[in-house]
Amino acid sequence: QPVIPVVFYHGTGDYNLPLNFADYFEVPEDLKKYMVSFSYELFDTFSYEDEDIVQRSHDNLQLAASIITLKNIFLGREGLESIFGYLINLEKDYKVIILEYILSTVDIELDELDEIARKGGIEGMPSLAERLEAKGREEGEQRGIQIGEQRGILIGEQKGKIASKQETLIRQIHLKYGITESEKAFIKSVTDLDKLDKATEAILFEENKEKLLSLLK
């Protein structure tokens, strides 16, 4: 099946990149015939007025509102006013989706958002925004718990590795030199995995126990 590449652009600056893939690379003339070369369709939202986007969406209000949102999201208050002007006819659930995107993308107070929404003919946006904000807090708390659990697992695994290497080193020193309780306690106080690894490797050729233990300091 043919694949038609499309670039969807909604940045605030002019789009001035090449429209052909091969033009992104500078290669000698005799190698150009080996280059992958294809063009892509560019959809630059700033090339269209909001009304054009609505027409090209063929009465799909959700599609039109989504594209208009992406086009205007970085244009400050004026951009938000344009967005809310197209949300009034959307179902509540889809309004919430777009509102959630706005809140996650734009730094704005709920009171100001309410004012812009009312100007666009939409009532009740503050309560929706507050619910989304509360939802975000709950999700953040949940993520914090999950991160804490993951860190706990990692810390537990790290401690397990350290303890294993300490016991291995103690056992090897005991077999080769003999070991005192104070030396065991010293080895168990070392938590640097690199030092424990070096001492474990050095025991193969080091005849002096004191020199070996000095590697752990």
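Among the protein heavy atoms, those of residue 203 account for about 10 Å² of accessible surface (1.4 Å probe, every chain in place). Taking a ≥ b ≥ c as the square roots of the eigenvalues of the alpha carbon gyration tensor, region 1-57 is oblate, as a/c is not under 1.5 and a/b does not beat b/c.
Residue-wise HN-Hα couplings along region 201-215, as the Karplus relation 6.51 cos²θ - 1.76 cosθ + 1.60 with θ = phi - 60° gives them from phi, are 6, 5, 5, 5, 10, 8, 8, 9, 5, 4, 5, 5, 5, 5, 5 Hz; Gly and Pro carry x.
For region 3-54, the relative contact order comes to 52 percent (Cα pairs under 8 Å, sequence separation of at least 6). In the context of the full protein assembly, residue 74 retains an accessible surface of approximately 110 Å², using a probe radius of 1.4 Å and ignoring ligands and nucleic acids. Using the Cβ of residue 183 as centre and a radius below 12 Å, the other residues enclosed give a net charge of +1, where K and R count +1 and D and E count -1.
Take 113-119, 17-23, 209-215 and order them by the average number of nearby Cβ atoms within 10 Å per residue, most first; the result is 113-119, 209-215, 17-23.
Couplings for region 68-85, taken from phi via the Karplus curve 6.51 cos²θ - 1.76 cosθ + 1.60 with θ = phi - 60°, read 5, 4, 4, 5, 9, 4, 9, 9, x, 4, 4, x, 5, 5, 5, 4, 5, x Hz in order; Gly and Pro are left as x.
At the residue level, residue 101 shows approximately 70 square angstrom of accessible surface with a 1.4 angstrom probe and all protein chains present. Among 10, 174, the order of accessible area from largest down is 174, 10, computed with a 1.4 Å probe on protein heavy atoms.
By definition, a body whose alpha carbon gyration tensor gives a ≥ b ≥ c is oblate when a/c is 1.5 or more and a/b is not larger than b/c, and region 49-104 fits this oblate description. The mean sequence distance of close C-alpha pairs (under 8 Å, at least 6 residues apart), as a share of the length of region 31-90, puts its relative contact order at 25 percent. For region 151-204, trypsin sites (Lys or Arg not before Pro) meeting the loop criterion (DSSP other than H, G, I, E, B) and having at most 13 other Cβ atoms within 10 Å: none.
The values are calculated or read from the model by the stated rules, or taken from the named source; none is laboratory data. Quantities reported herein were computed from a predicted structural model and do not represent experimental measurements. Note that each Cβ is placed from the backbone with ideal geometry, even for glycine, and that neighbours are counted across all protein chains shown. What goes into the accessible areas is simple: the full protein's heavy atoms, side chains included, and nothing from ligands, DNA or RNA. Shrake-Rupley method; radii C 1.70, N 1.55, O 1.52, S 1.80 Å.
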